[in-house]
Amino acid sequence: MLYSTALTALLALPGASAQLNKLAKAAGLLYFGSATDNGELSDRSYVNILSNTDEFGQLTPGNGQKWQYTEPSRGSFSYSSGDQIASLAASNGQLLRCHTLVWYSQLPSWVSSGSWNSQTLTSVVNTHISNVVGHYKGKCYAWDVVNEALNEDGTYRTNVFYNVLGDSYFALAFKAAAAADPNAKLYYNDYNIENPGSKQAGVVKIVKLVKAAGAKIDGVGMQAHLIVGSTPSQSAMQSYVGAGVTEVAYTELDIRLSSLPSSSSGLAQQANDYGTVTKACLAEKACIGITIWDYTDKYSWIPGVFPGQGDALIYDSNLNKKPAWTTVSSVLAAAATGGGGGTTTTRATTTTMVTSTTTQGGSNPTSCTVVQWGQCGGQGWSGCTVCAAGTTCQVGNPWYSQCL
């Protein structure tokens with residue numbers, strides 16, 4: 001794809017930089033976007049950056065469209081929180097990714113603790129989706145229809161929907177969403193599905209299940225809440241396309257440091273990791289965009305959930321661009337311009353496949369070495385477990401250990 005002559009010239013100026021959404025679109029993506037939340041919208045400096053469509057071409061409401069806010073009591077709907085962000089996106093001319101319809105978390109107690117049978121819960125799901133999606137009809141580019149329905153081993157997470165309806169609730173939700181807004185793209189969305197494994201296989205199963213039931217499913221959203229040193233695999237994206245979706249996207253990207261304060265080496269590795277994710281999306285034709293889970297460390301969810309970790313985003317807490325921003329912009333610019341020279345290129349030829357950060361030693365994971373920041377263990381991990389000299393394998397959470 002040719003990049004505009006004017007912007008190519010701008011990039012050649014000393015110290016000049018273009019902005020992320022403009023670069024992403026020039027590189028062939030549909031958008032580069034950010035999540036946001038209602039409490040942040042009183043911060044004018046923050047909103048000024050968020051509303052710049054050259055920087056962010058898409059918004060996602062972080063919380064305001066979840067069940068606890070949209071239907072806090074049965075049959076009583078409230079859209080004020082979601083509407084605020086939808087209106088902001090519309091006034092800016094930004095796409096809106098809507099999030100989320102059926103999720104085990106942030107449910108009002110009348111849903112999670114109700115005494116349901118198949119017929120009554122089916123009615124509740126249909127009514128909720130019909131009303132919420134109907135209210136936003138024509139405003140959402142995409143909906144995260146079902147969110148985080150899998151355990152780490154790829155089995156179905158037990159929740160009120162699965163306990164009562166079994167796996168039929170997937171098709172139920174997607175059919176209801178399609179009926180309420182036929183033009184919205186419909187996604188399954190989850191975390192820890194960026195690489196092959198049991199959970200990724202579970203997503204493939206869900207896609208096939210929904211399609212076999214005759215329901216519409218357009219995409220898979222890879223949340224990509226990553227730790228510095230972890231990278232995605234293109235084969236995971238390809239498996240979702242092979243199962244029958246036409247789109248994939250990184251929907252909640254952040255890459256956190258496992259210890260604070262951040263070091264210059266940690267921020268440099270984080271920048272490399274953001275670049276790797278960006279390259280992965282560019283290398284997969286079906287990958288349409290990247291959404292970061294808010295753009296600034298000032299409003300990141302990470303410290304509240306992972307104490308002692310953070311600095312996960314591309315702007316710091318003072319709204320200054322970090323090395324990760326520079327790397328992402330450079331990757332996008334290279335893809336948009338074909339690496340310079342002004343020749344016409346395609347996404348497939350302007351990027352490289354993501355490769356492992358370890359040297360595999362056959363089937364024995366102990367005969368290879370993991371470089372600093374790389375993954376060395378965790379539930380379901382079958383790769384290398386020996387860290388390079390000067391680093392040790394440290395547990396970050398039950399599913400991810402890395403060499404630090």
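The values are calculated or read from the model by the stated rules, or taken from the named source; none is laboratory data. Everything quoted here is computed from the prediction, not taken from an experiment. With ideal geometry, Cβ positions are generated from the backbone for all residues, glycine too; neighbour counts draw on all protein chains shown.
Remarks
- Helices (runs of 4 or more DSSP H) contained entirely in the range 20-114, each with at least 2 residues that are β-branched (Val, Ile, Thr): 44-50
- Of residues in the range 160-189 being among the polar types (S, T, N, Q) and within 17 Å of Gln119 (Cα to Cα), the one surrounded by the fewest Cβ atoms within 10 Å (Cβ to Cβ): Asn163
- Checking each residue in the range 239-261 for being over 19 Å from Asp294 (Cα atoms) and small (Gly, Ala, Ser) picks out Ser239, Gly242, Ala243, Gly244, Ser259.
Residue by residue, here is whether (1) charged (D, E, K, R); (2) more than 21 Å from Ser300 (Cβ to Cβ); (3) in contact (Cβ under 8 Å) with a residue 40 or more places away in the chain; (4) in the same structural domain as Ala336 (by TED's automatic domain parsing) holds:
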site: Glu40; (1), (2), (3), (4): yes, no, yes, yes
site: Ile49; (1), (2), (3), (4): no, no, yes, yes
site: Phe56; (1), (2), (3), (4): no, no, yes, yes
site: Cys98; (1), (2), (3), (4): no, yes, yes, yes
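- Members of the range 211-248 that are under 22 Å from Ala176 (Cα atoms), among the small types (Gly, Ala, Ser) and surrounded by 24 or more Cβ atoms within 10 Å (Cβ to Cβ): Gly219, Gly221
- Residues that are over 10 Å from Leu267 (Cα atoms) and either surrounded by 20 or more Cβ atoms within 10 Å (Cβ to Cβ) or not assigned by TED's automatic domain parsing to the domain that holds Val47 (or both), drawn from the range 315-327: Tyr315, Trp325, Thr327
- Every residue from the range 301-314 that is surrounded by fewer than 23 Cβ atoms within 10 Å (Cβ to Cβ) and in contact with a Ser or Thr (Cβ under 9 Å, 6 or more places away or on another chain): Phe306, Gly308, Gln309
- Condition broken by Gly289, with the remaining ones in (1) among the small types (Gly, Ala, Ser); (2) out of contact with any Gly (no Cβ under 7 Å at 6 or more places or on another chain); (3) part of a strand (DSSP E or B) satisfied: (2)
- Output for the range 286-299, where each listed residue is small (Gly, Ala, Ser) and surrounded by 21 or more Cβ atoms within 10 Å (Cβ to Cβ): Gly289
- Residues within the range 59-91 that are closer than 22 Å to Asp294 by Cα, without any contact (Cβ under 8 Å) to a residue 60 or more places away in the chain and out of contact with any strand residue (DSSP E or B) (no Cβ under 8 Å at 6 or more places or on another chain), tallied: 10
- Check on Ala224, of a type in the set (A, V, I, L, M), at positive phi, assigned by TED's automatic domain parsing to the domain that holds Leu313 and in contact (Cβ under 8 Å) with a residue 12 or more places away in the chain: yes
- Residue in the range 124-146 that is touching a strand residue (DSSP E or B) at 6+ places or on another chain (Cβ under 9 Å), surrounded by fewer than 18 Cβ atoms within 10 Å (Cβ to Cβ) and on the phi > 0 side of the Ramachandran plot present: no
- Among the residues of the range 63-78, just one is within 19 Å of Glu40 (Cβ to Cβ) and of a type in the set (Phe, Trp, Tyr), namely Tyr69.
- Residue check, Asp273 in a loop (DSSP other than H, G, I, E, B) and either among the basic types (Lys, Arg) or under 15 Å from the mean Cα position of the chain (by Cα) (or both): no
- Residue match in the range 161-180 (condition: assigned by TED's automatic domain parsing to the domain that holds Ala86, free of Cβ contacts under 8 Å to residues at least 60 places away in the same chain, assigned to a helix (DSSP H, G or I) and polar (S, T, N, Q)): yes
- When residues of the range 212-253 are limited to those that are β-branched (Val, Ile, Thr) and part of a loop (DSSP other than H, G, I, E, B), the one modelled with the lowest pLDDT: Thr231
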